[in-house]
Amino acid sequence: MKLPNTVYDILKWIVLIVIPAGTTFYCVLDKLFAWGYSDIVATISAAACAFLGAILGFSTAQYNKEGMR
């Protein structure tokens, strides 16, 4: 499964910037305002990053494999 460049770039931005920044922001605010669930939010976001990172890694491997032909 080779992702189109635009999709790859957007997913990479989400995995490297959006999810970690959003998780950090929520967890910091949770400590200040005692909203709760920061452990659940952190766990879910880590799982999402791992899943999307695996998809990106697989797509990169497919892209590099095709480039060597």
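Key figures for this structure:
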quantity: Dipole of the chain, positive direction: furthest Cα of Phe25, Ile44, Tyr8, with charges on the beta-carbon; calculated: Tyr8
quantity: Per-residue [θ]222 nm for the chain (sum of -39500 (n - 2.57) over DSSP H runs n ≥ 4, rounded to 500); calculated: -26500 deg cm²/dmol
quantity: Dimensionless Rg/Rh of the chain - Kirkwood Rh, Rg from C-alpha atoms; calculated: 1.17
quantity: Value of relative contact order over the chain, rounded to a whole percent, pairs C-alpha under 8 Å and six or more apart; calculated: 49
quantity: Carbon plus sulfur fraction of accessible area for the chain, probe 1.4 Å, in percent; calculated: 72
quantity: Probe 1.4 Å, protein heavy atoms only - accessible area per residue of the chain in square angstrom; calculated: 74
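The values are calculated or read from the model by the stated rules, or taken from the named source; none is laboratory data. Since the model is a prediction, treat every value here as computed from it, not as a measurement. When we count neighbours, we look across all protein chains shown, and the Cβ atoms used for this are built from the backbone with ideal geometry, even at glycine. Ligands, DNA and RNA are excluded from the accessible area calculation, which covers all protein heavy atoms including side chains. Shrake-Rupley method; radii C 1.70, N 1.55, O 1.52, S 1.80 Å.
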